[in-house]
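Chemist: Pasting in a structure now, in structure tokens, and then I'll have a few things to ask.
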Amino acid sequence: MDFRRMTREFLQEGKTSKPSLASYLQSISEVLEAITPRTKTDTLRMERAKANLKEVRRQMRRLQERVNVLEEQVQVLEESKE
């Protein structure tokens, strides 16, 4: 395992990586909060959009937890391989 290479790659990720999914969701949430609905239909659409955003966050959290578990499993497999 080449820790120097891994460290270099990690440090480069911070410079060239895109914003995280969480930051995109936060931005969308802020935009939704800033919009003032003018009709009952707009109000209902806003409520639906907020509910959908909440569900996307929930699913993102579950996916991230699953990724963490899988990364731990891969690490255990790599350690047992050595």
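The values are calculated or read from the model by the stated rules, or taken from the named source; none is laboratory data. Since the structure is predicted, the reported quantities are computational estimates derived from the model, not experimental observations. Here Cβ is always computed from backbone atoms with ideal geometry, including for glycine, and neighbour counts include all displayed protein chains.
Chemist: With the checklist (1) closer than 27 Å to ASP2 by Cβ; (2) of a type outside the set (S, T, N, Q); (3) at pLDDT 95 or above in hand, flag the one item GLU55 doesn't pass.
Modeler: (1)
Chemist: Considering every residue within region 40-49, establish whether at least one is loosely packed, with under 11 Cβ neighbours inside 10 Å and under 17 Å from GLN26 (Cα atoms). Before the answer, list the steps.
Modeler: Taking region 40-49 as the starting set, the residues that turn out to be loosely packed, with under 11 Cβ neighbours inside 10 Å are 40-41, 48.
If we keep only those that are under 17 Å from GLN26 (Cα atoms) as well, we get 48.
Yes; the residues of region 40-49 include at least one that is loosely packed, with under 11 Cβ neighbours inside 10 Å and under 17 Å from GLN26 (Cα atoms).
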